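This report concerns only the one structure given below.
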Amino acid sequence: MFRDGARKSLWQSEVKKYEGFLARGHRYDVVIVGAGITGISTAYRLQNQGLKCVILEASNIGFGTTGGTTAHLNDFFDTTFEETINKFGLENARLLAEAGKEAMQIFTSNVMKNTIDCDFEHKDAVLFATSEEQVEELEKIFEGAQKVGYQMAYTDSIEYPMGFQKALLIPRQAQFHPLKYIKALAEAFTNAGGTIIDNCIYESHDESDQEVLIHTSQGTVRGGHAVFATHTPPGVNLLHFTTAPYRSYAIAFTLNSEDYPNTLGYDLCNPYHYYRTHIIQGKKMIIAGGEDHKTGHSEDEGACFARLENHCRNYFDINQIQYAWSSQYFEPADGLPSIGVLPSSQGRLFVATGFRGNGMTFGTLSSTILTDLILQRPNRFAKLFDPKRFKPTAGFKSFLKENATVLKDMIGDKINMERINSLLDIEPGKAKVVRYGGQAYAVYSESNGQRHVLKSTCPHAKCEVRWNNAELSWDCPCHGSRFNVNGKMLNGPSTQGLERLE
Ligand SMILES: Cc1cc2nc3c(=O)[nH]c(=O)nc-3n(C[C@H](O)[C@H](O)[C@H](O)COP(=O)(O)OP(=O)(O)OC[C@H]3O[C@@H](n4cnc5c(N)ncnc54)[C@H](O)[C@@H]3O)c2cc1C
């Protein structure tokens with residue numbers, strides 16, 4: 001089944017395709033755009049609260065990052081409690097810890113209530129430091145956790161073969177198979193009367209006091225409210241300035257021994273690595289991830305896989321690499337996700353984005369926050385994650401840095417674009433963005449010489465796309481829109497593909 005890249009993730013054999021037709025003129029209570037963990041969890045919860053919901057998905061369920069995740073379920077986060085205390089205060093950091101616990105409970109209850117077979121298992125996690133600098137970082141993580149009353153403890157031994165100086169044991173985290181989970185939850189949603197429509201791209205909307213009109217590639221849908229569960233909101237939004245797209249790489253491999261770790265493992269390198277074990281179709285594998293970088297900012301994405309593999313080969317007796325894939329996530333400038341009313345909306349449009357590497361938890365948490373907001377019930381986490389909360393004190397440096405990079409990329413790529421006299425100048429096996437006859441083109445020449453020529457300017461904010469040689473895609477370095485070699489949109493925020501020239 002399909003994902004937003006040319007490589008297959010190990011979860012993909014489990015994706016179920018839903019076919020549906022848009023009932024024109026039909027009005028739903030809530031229109032949910034996007035069928036990843038966020039969209040499906042939210043739709044499931046809303047439908048079970050008696051609201052009539054439809055999910056509109058540009059491709060198929062699990063097409064986005066949920067199909068390319070590594071599915072650790074944590075209640076500690078990439079943004080540490082210590083960082084949260086410094087930026088948002090102790091009370092809010094405590095609330096963040098409670099939010100993690102609540103998400104875990106919702107997830108567990110979804111699994112139990114629907115008897116979902118998704119390889120869900122509670123696991124302890126270890127966080128380990130391999131240098132003096134990392135030890136300092138680890139100690140700060142511990143101190144922050146102590147202050148918010150989150151349970152973790154130093155440990156003398158870890159299951160991982162890396163020489164470590166100090167390590168923390170964090171009990172009762174979890175892991176699961178993300179596509180088995182969302183597939184089963186999607187079924188529970190449709191069994192409760194919900195509708196899922198595949199191959200339906202959100203293009204634009206109109207919002208009034210009474211309703212929202214969602215204009216899609218299949219026609220217009222009317223709803224009382226709408227939720228953008230698209231990982232980053234489609235179209236142009238303030239949130240594109242406060243979150244930045246990053247890519248992360250994952251490989252799954254078998255070992256020559258039976259030394260598979262039973263715990264979830266995380267180092268503190270920069271960029272960091274994360275590990276766990278999963279059995280897929282009877283085969284035990286270690287899933288390792290890392291080598292993250294800003295989207296469109298690697299000269300050679302293929303080399304990121306090579307580095308990840310070399311790193312793992314240093315420590316594990318690898319028998320065979322079975323899968324290698326990459327995917328995209330969004331870094332918020334202030335470290336916390338945005339879940340709630342979409343900035344620019346009059347109150348009927350909602351969003352959930354900026355999850356960093358914790359989207360399994362925050363995607364699940366979004367379902368309760370958004371349901372309460374739509375039903376106009378109080379939710380104790382809503383204020384902390386309010387998408388309109390942006391204030392200069394928290395994350396301002398990161399905000400400036402990311403947006404300065406966007407400007408530099410946008411202008412630099414246009415000025416420095418290579419000029420060619422013939423499209424035949426692009427050799428077989430190569431891809432380039434070039435200026436030809438006064439126009440900018442993204443040209444990919446297959447090894448057999450067949451050329452795919454697209455207009456290279458991203459429809460979203462007019463930046464020039466860059467080639468991703470690992471996933472065979474054109475990636476926008478500004479806000480993370482991605483397109484395949486035929487110009488089809490793989491990831492938003494763009495709502496259109498790149499124009500293809502025959
Ligand atoms: C390699 C990697 C490993 C990760 N590992 C972990 C982990 O171990 N634990 C963890 O908690 N998090 C992890 N994350 C993060 C986590 O996977 C994501 O945050 C999460 O999957 C996001 O889910 P989502 O439903 O919000 O978005 P997605 O899964 O991306 O779903 C969005 C959906 O919206 C659809 N869509 C987009 N635009 C439109 C449109 N215009 N119209 C209609 N539909 C549209 C897309 O096709 C897509 O299916 C990882 C991320 C990466 C990149």
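The values are calculated or read from the model by the stated rules, or taken from the named source; none is laboratory data. Treat the numbers as computed from the prediction; the structure is a model and nothing was measured. Neighbour counts run over all protein chains shown; Cβ positions are idealised from the backbone, glycine included. Protein only, heavy atoms only, side chains kept; ligands, DNA and RNA dropped before computing areas. Shrake-Rupley method; radii C 1.70, N 1.55, O 1.52, S 1.80 Å.
The table that follows gives values for the structure above.
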quantity: Environment charge of His215, counting only residues whose C-beta is closer than 10 Å and scoring Lys/Arg +1, Asp/Glu -1; calculated: -2
quantity: Entries in Lys101/Lys401; Lys52/Lys113; Lys8/Lys408; Lys397/Lys462; Lys183/Lys488 that, when Cα-Cα distance is taken, lie over 22 Å; calculated: Lys101/Lys401; Lys8/Lys408; Lys397/Lys462; Lys183/Lys488
quantity: Compactness index (Cα Rg / 2.2 N^0.38 Å), region 416-501; calculated: 0.99
quantity: Extension gain from Gln320 to Val236, taking 0.36 nm per residue of separation minus the Cα-Cα distance; calculated: 25.9 nm
quantity: Kirkwood Rh in Å, taken over all unlike Cα pairs in region 105-170; calculated: 13.9
quantity: Residue-normalised accessible area of the chain, given per residue in Å² at a 1.4 Å probe; calculated: 40
quantity: Accessible carbon and sulfur surface of the chain relative to its total accessible area, %, 1.4 Å; calculated: 48
quantity: Solution diffusion estimate, µm²/s, Stokes-Einstein, region 255-376, Kirkwood Rh from C-alpha pairs, 4 °C, viscosity 1.567 mPa s; calculated: 75
quantity: Semi-axis lengths (Å, descending) of the ellipsoid that matches the C-alpha gyration tensor of region 25-132; calculated: 31, 18, 15
quantity: Cysteines having no other Cys beta carbon under 4.7 Å from their own, within the chain; calculated: Cys53, Cys118, Cys200, Cys269, Cys304, Cys312
quantity: For region 88-93, Karplus couplings with θ = phi - 60° (6.51, -1.76, 1.60), whole Hz, Gly/Pro x; calculated: 10, x, 5, 4, 5, 5
quantity: In nm, spacing of pseudo-spin labels at Leu423 and His122 (7 Å Cα→C-beta vector); calculated: 5.9
quantity: Kirkwood-based Rg to Rh ratio, region 336-394, C-alpha trace; calculated: 0.95
quantity: Space enclosed by the convex hull of the alpha-carbon atoms of the chain, per residue, Å³; calculated: 148
quantity: For Ile32, residues with placed amide H under 5 Å, excluding near neighbours; calculated: Val54, Ile55, Leu56, Val227
quantity: Reciprocal of mean inverse Cα separation for region 151-276 (Kirkwood radius, Å); calculated: 19.8
quantity: Environment charge of Ser473, counting only residues whose C-beta is closer than 12 Å and scoring Lys/Arg +1, Asp/Glu -1; calculated: +2
quantity: Charge context of His293, other residues only, Cβ under 9 angstrom, K/R +1, D/E -1; calculated: -1
